[in-house]
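Take a look at the structure below.
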Amino acid sequence: MIGLISVTAGGRSAAERLAAVLPYAHLYDGPAASAMPLAFAECDAIISFLAVGATVRIAAPLITGKYEDPGIVCVDEALRFAIPVLGGHAGGANVLARRVAGILGATAVITTAAEAAGSVGLDEFGADLGFMVEPSSEMALVGAAILSGERVTLTMEHEWPVPPLPPSVVRTAQPEPGVPAIVVSDQVRRPGAADAAEPPGPRVVYRPPSLVVGAGGSTGVTASEAGQLIDQALADAGLSPRSVRWLATADIKAREPGLLAAAGQRGWEVVTVPAAQLARVPVRTPSEIVRAAVGTPSVAEAAALFVAAGGAPDGGGTEIGGTEGGGTEGGWPAEWVGRARLVVSKQVSARATVAVARRRPRGRLALIGLGPGARDLMTPRAVAELRRASVVVGLDQYVGQIADLLPPGAEILASSLGEEQERAAAAVAKARAGRAVALVGSGDAGVYALASPALELAGDGIEVTSVPGVTAALAAGAVLGAPLGHDHVLISLSDLHTQWEVIERRVRAAAEADLVTCFYNPASRARTWQLGRALAILAEHRPPATPVGWVRDVSRPGQRAGISSLATFDPATADMHTLVVVGSSRTTVLAGRMVTPREYRWAAP
Ligand code: SAH
């Protein structure tokens, strides 16, 4: 529960705003001196609309330890700042302060050292991948070791696309005796399986969302029977229930209350798969009796494997597999093989069956458009994606522009020249190896850029996410006025990879259709005649006074721009840093601004 403490009318109304959107929020009334002890005892986190000093004074006598105390975030009366004053990491106050700042339009003032050093706070490590951290008092020791640059080991059974850690954190197959360790594993260390004679070092263990429990049951199976079978199966196999996030079953079992309750008690999402899809999954222990009863020879094993391999539970739906003819027709596409493995074969009790499958993590490729140049034209989402990449691929000039945003420890693959194809291939190869890769390009990564070659190579083995960027035409349009106010077209004049005849046919079509035309790649040192030729084609269909706008280095230092006309524009003005926009026959120049009218029908005829 989140407790909200306020004493002024302004604080109260902000508290009410937060309470409307934050889950499990509770407003504490009355004097702060009595509200604080109550909230301290009842809440996981407190938001205080008192000054930091006042908050500290009344909370100080209540403090016991960083793993017991609630996190406290102070918000000032003017709602400018959200300040975690207690429990930044373990108490979740840093995360909460960012959340509150986002809701109120305030700035989060984060003062913990891990953030100052730019490294990932251990309590948030892998959170976006679904990692759950095992509660441990050793996290602070491991965090301190990282901050002081001591050797710390990172052991991952499988390659999860985690954000980078500082270079003093080294990958090892096993934690080393006496050395602080970060472990990403779904396996529980069994007692007796001691590592070595030397005592183990402090460690933080993360549970990745790697396991899917498949379950079936006869009608009337109880939650306790199914639950006990599941718990026993996991314990016998040495698997952590914290790595289980989904209980998979057949659609016909979707309303079996015992199975639903067993999943609910453990905090797992129930995912159901049509029996016809399950029937196609190759399993270890098929049963003809089961097939006769429910239409698939396996429920538990098949459902666990199906969801682990391709069910993509991240998609959020609770029913997958879809209808016949949907994306997963065939039930078990070839590319799913190898994505999941059965780690516990079918276990049975009187009325329940259970199996467990492990899904293999997939690497992650983020295609990021950096915008035309200026930092404030880069989207916050692009910045967030850059901050979590462990490999960054791009041209030197672009990677140089964003160097300050990259986390320490990120591997940088910049190349001064080289083919786009090679950069795309390098990025895809790193993602296939399981890494979190950012492939960056100027403007939008999908406009005359790397997204297409990357997706042609990507295949099904990696996750891809794209962050749109402000493409040159939009940035130039904003400088020139509103030239794109009605139908327009983007044409690249680069004939390095496209035959000139094809380009010319498209320019002619744009000319005939009276489309506003944006020319990308208008000229370079080697390509000097193409723009003149293209403009001549447009001039055959548009009046000589048609406006032509150009912008060089939009939003970069030294930006230059101008507006002339088809009759007067000199193609030599443009180079490879320039975007040229030719108006339609309706485009005009008003007060020095290029405007293409919307041609509203309801305007007076
Ligand atoms: N992906 C980029 C386009 C790459 S093609 C985007 O979405 O903007 C390269 C061409 O884009 C250049 O030759 C130029 O015509 C145009 N361009 C890109 N950035 C520009 C900028 N800041 N100013 C002017 N033109 C730009």
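The values are calculated or read from the model by the stated rules, or taken from the named source; none is laboratory data. As the structure is a computational prediction, the values presented were derived from the model and not from experiment. We place every Cβ from the backbone using ideal geometry, glycine too, and count neighbours over all the protein chains shown. Side chains included, ligands, DNA and RNA excluded: accessible areas come from the protein's heavy atoms. Shrake-Rupley method; radii C 1.70, N 1.55, O 1.52, S 1.80 Å.
Annotations
- Residue tally, condition β-branched (Val, Ile, Thr) and either over 24 Å from GLY220 (Cα atoms) or modelled with pLDDT of 95 or more (or both), over the stretch 250-265: 0
- Checked against the criterion of being open to solvent by less than 20 Å² (accessible area, probe 1.4 Å), over 22 Å from GLY583 (Cα atoms) and near the ligand (Cβ under 8 Å from one of its atoms), the candidates ALA476, ALA445 yield just one match: ALA445.
- Taken together, VAL356, VAL428, VAL393, VAL440 contain a single residue that is buried (at least 22 other Cβ atoms within 10 Å of the Cβ) and in a helix (DSSP H, G or I), which is VAL428.
- Residue match in the stretch 424-432 (condition: within 16 Å of the ligand (Cβ to nearest atom) and either more than 12 Å from LEU367 (Cβ to Cβ) or without any contact (Cβ under 8 Å) to a residue 40 or more places away in the chain (or both)): yes
- Of all residues making up the stretch 247-261, the number that are over 13 Å from ALA300 (Cβ atoms) and either in contact with a helix residue (DSSP H, G or I) (Cβ under 6 Å, 6 or more places away or on another chain) or not in a helix (DSSP H, G or I) (or both): 5
Residue-wise test of (1) under 16 Å from LEU86 (Cβ atoms); (2) in contact (Cβ under 8 Å) with a residue 24 or more places away in the chain.
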position	(1), (2)
ILE2	yes, yes
ALA20	no, no
TYR24	no, no
ALA33	no, yes
VAL56	yes, yes
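- The lone criterion from (1) in a helix (DSSP H, G or I); (2) of a type in the set (Val, Ile, Thr); (3) in contact (Cβ under 8 Å) with a residue 60 or more places away in the chain left unmet by VAL162 is number (1).
- The stretch 553-569, residues that are basic (Lys, Arg) and either outside any loop (DSSP other than H, G, I, E, B) or more than 13 Å from the ligand (Cβ to nearest atom) (or both): ARG560
- For the residues TRP529, TRP550, the requirement of being of a type in the set (Phe, Trp, Tyr) and more than 14 Å from the ligand (Cβ to nearest atom) singles out TRP529.
- Output for the stretch 396-418, where each listed residue is surrounded by fewer than 16 Cβ atoms within 10 Å (Cβ to Cβ) and touching a residue at least 24 places away in the same chain (Cβ under 8 Å): PRO408, GLU411
- Within the stretch 508-524, considering residues that are hydrophobic (A, V, I, L, M, F, W, C) and surrounded by fewer than 23 Cβ atoms within 10 Å (Cβ to Cβ), the one nearest to ASP553 (Cα to Cα): LEU515
- Check on GLY469, more than 14 Å from the chain's Cα centre (by Cα) and within 7 Å of the ligand (Cβ to nearest atom): yes
- Answer from VAL213, VAL221 - the residue that is at pLDDT 90 or above and either closer than 26 Å to ALA140 by Cα or not in a strand (DSSP E or B) (or both): VAL221
- Screening the candidates ALA545, ALA536 for the property of being in a loop (DSSP other than H, G, I, E, B) and among the small types (Gly, Ala, Ser) yields one hit, ALA545.
- In the stretch 571-598, the qualifying residues are those that are within 10 Å of the ligand (Cβ to nearest atom) and either among the aliphatic types (A, V, I, L, M) or assigned to a helix (DSSP H, G or I) (or both), and the one that is nearest to VAL507 (Cα to Cα) is VAL580.
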